[in-house]
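Chemist: A single structure is presented below for examination.
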């Protein structure tokens, strides 16, 4: 468990670290160069352009953890399970985490991390794309919401919510992945306050781009994922009034998380 001094700095977490716990041993490393609202202008014209319906399979996951199991009535859950539809390129999730003390000065933490996105079909590149760039574009509508009540003194109350987007390329022949440094990341948090922050219907278009020389004798697949995390933590005596609540949601109607196109 992380102590309050560390969480008060915003819990900036490496996306590869968040994903690493859920993608299996030797998970793929995050790649991508973040660009907003406009695709990357490459000197090489794209020769493979992918849009819906996508060839591949949906990837979804939801992993929750809790402490203070004696706390009745608190917990972490996804009220809408993560989903992605390759035929439509659309996915989403609705999740929350909440916490409040139920015993004398016991940490209560509730966390859930979800992912949705596309695992592409395998492909062998042609010679005219062997040194090209990969481009991924997501259009997303979502909101982040955190709320805390703090009793002061030795008590603590912390809420955190985030949405991240990344893309990976994996060489199935050599069992290696392309590496990179940047990705899309939006988060909000409250620590030891009685306050609320709401980012309602946050709309954004994200273009991720990375360069990877390809071998025309190797087989590849790519993956692009949206990761959401909610975390709530309280520390204080029963009845002190400390609460923490964090929520991420993609609207169920209209645009939510849409993979607009992929090209290389």
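The values are calculated or read from the model by the stated rules, or taken from the named source; none is laboratory data. In this text, all values refer to a predicted model and were calculated from it rather than measured experimentally. Reconstructed Cβ throughout: ideal geometry from the backbone, glycine too, with neighbour counts over all protein chains shown.
Chemist: Any idea which of (1) outside any strand (DSSP E or B); (2) at pLDDT 90 or above is the one residue 227 doesn't satisfy?
Modeler: The one condition residue 227 does not meet is (1).
Chemist: Pick out the one residue from 185, 170 that is touching a residue at least 40 places away in the same chain (Cβ under 8 Å), part of a strand (DSSP E or B) and either in contact with a helix residue (DSSP H, G or I) (Cβ under 6 Å, 6 or more places away or on another chain) or farther than 30 Å from residue 97 by Cα (or both).
Modeler: The unique qualifying residue is 170.
Chemist: Looking at 202, 187 in this structure, which one is at pLDDT 95 or above, within 17 Å of the chain's Cα centre (by Cα), surrounded by fewer than 22 Cβ atoms within 10 Å (Cβ to Cβ) and within 22 Å of residue 259 (Cβ to Cβ)? Walk me through it before giving the result.
Modeler: On the way: 202 fails: at pLDDT 95 or above.
Just one listed residue meets the conditions, 187.
Chemist: Also: How many residues are under 21 Å from the mean Cα position of the chain (by Cα) and either buried (at least 23 other Cβ atoms within 10 Å of the Cβ) or at pLDDT 95 or above (or both) when one looks only at region 97-110? Spell out the reasoning first.
Modeler: Of all residues in region 97-110, those under 21 Å from the mean Cα position of the chain (by Cα) come to 97-98, 109-110.
So of that shortlist, the ones also either buried (at least 23 other Cβ atoms within 10 Å of the Cβ) or at pLDDT 95 or above (or both) come out as 97, 110.
Residues flagged as under 21 Å from the mean Cα position of the chain (by Cα) and either buried (at least 23 other Cβ atoms within 10 Å of the Cβ) or at pLDDT 95 or above (or both) within region 97-110 amount to 2.
Chemist: So which of 38, 76 is in a strand (DSSP E or B) and modelled with pLDDT under 85?
Modeler: 76
Chemist: Of all residues being assigned to a strand (DSSP E or B) and farther than 19 Å from residue 201 by Cα in region 250-264, which is modelled with the lowest pLDDT? Just the residue, please.
Modeler: Across region 250-264, the extreme among qualifying residues is 263.
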